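> Below: one structure in structure tokens.
The values are calculated or read from the model by the stated rules, or taken from the named source; none is laboratory data. The shown structure was predicted, so the numbers you read here are calculated from the model rather than taken from an experiment. No Cβ is skipped: glycine too gets one built from the backbone with ideal geometry, and neighbour counts run over all protein chains shown. Each accessible area value is taken on the protein alone, full model and side chains, heavy atoms only, with ligands, DNA and RNA left out. Shrake-Rupley method; radii C 1.70, N 1.55, O 1.52, S 1.80 Å.
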Amino acid sequence: MARNLLIRGMIAGVIAAVLATLFARLVAEPQVDLAIAFEAGHASMAHAMNAAPEPELVSRATQKGLGLLTAVLLYGAAVGGLFSLVFAAAYGRVGRIGPRALAMLLATGAFIAVALVPALKYPPTPPAVGLHETVGFRTLAYFAMIGTSLAALVLAVKAARGLAGRLGAFDAMLAGAALYVAIIVAVGFALPVIDEVPGDFPAVLLWTFRIASIGMQALLWAVIGVLFGVMAERVLRAGATAPRRLH
């Protein structure tokens, strides 16, 4: 059964990735083009001042087409597979909740922990924004925030389950949420502030790109939650009825 769930999780992830890619092409990529045009204008000024232009390693057409689709498909398949494993571990251990509801609950939690909360500390920026010398540092800080958010979510869930018997389900949930927020706030203050957006960069463009990036993640997790919930319910229902057919 775990194998069937894993396969369906990867399928749901791939479908979600395709839809997220279409969303990115329609909403996010135009903002990236505008940001690159802004950077190109600055590069032209630097070139006029005898600064050497930076070579283009990957064409923009490849980035927008095959490159974007390949990256998102691999990401979707990997995320969908991991999602199915978490679902398999959580099913039956999170109260009396059905497969669809559990899948949506996990997808919502994943969106908050993996996409939304890290973006509050390190908001997404177009590829044309940021210093090339700090790419590694910015990436490390961003993944540190994601890791912290996931670890805090696990601790919060365990704390809520442990307190449910004494405080009741609702108060225990509030206590777990308070613990999660406290950890995120503390780590958020501890991690360095990164602000490399040029002062003359268009604010509307930056805001639109960030909203589009969060929207892409929201669509990805929503589709995974809905599709996998439907497929998991069928797998679990078939597994529950299979022994009866043998007698």
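> Residues that are open to solvent by 60 Å² or more (accessible area, probe 1.4 Å) and over 24 Å from Ala24 (Cβ atoms): list the helices (runs of 4 or more DSSP H) wholly contained in segment 106-209 that include at least 3 such residues.
Fully inside segment 106-209 and qualifying: 135-167, 169-190.
> Here's a follow-up. Please count how many residues of segment 1-30 are exposed (fewer than 15 other Cβ atoms within 10 Å of the Cβ), of a type outside the set (A, V, I, L, M) and more than 26 Å from Ala212 (Cβ to Cβ).
1
> Check Val27, Val58, Val32 and return the single one that is out of contact with any Leu (no Cβ under 6 Å at 6 or more places or on another chain), modelled with pLDDT under 55 and under 30 Å from Asp200 (Cα atoms).
Matching residue, one of Val27, Val58, Val32: Val58.
> Search segment 68-93 for residues that are on the phi < 0 side of the Ramachandran plot and pair each with any residue that is open to solvent by less than 30 Å² (accessible area, probe 1.4 Å) and of a type in the set (Asp, Glu) when their beta-carbon atoms are under 8 Å apart and the residues are at least 6 apart or on different chains.
Matching pairs, first to second residue: Leu68/Glu29.
> Take Arg96 and decide whether it is open to solvent by 70 Å² or more (accessible area, probe 1.4 Å), at pLDDT below 85 and not aliphatic (A, V, I, L, M).
Yes: the conditions hold for Arg96.
> Still on this structure, I have one more. Give me a count of the residues in segment 228-246 that are modelled with pLDDT under 85 and more than 11 Å from Phe87 (Cβ to Cβ).
10
> Taking Gly80 as the residue in question, decide whether it is at pLDDT 90 or above and either of a type in the set (Lys, Arg) or under 16 Å from the mean Cα position of the chain (by Cα) (or both).
Against the criterion (at pLDDT 90 or above and either of a type in the set (Lys, Arg) or under 16 Å from the mean Cα position of the chain (by Cα) (or both)), Gly80 qualifies.
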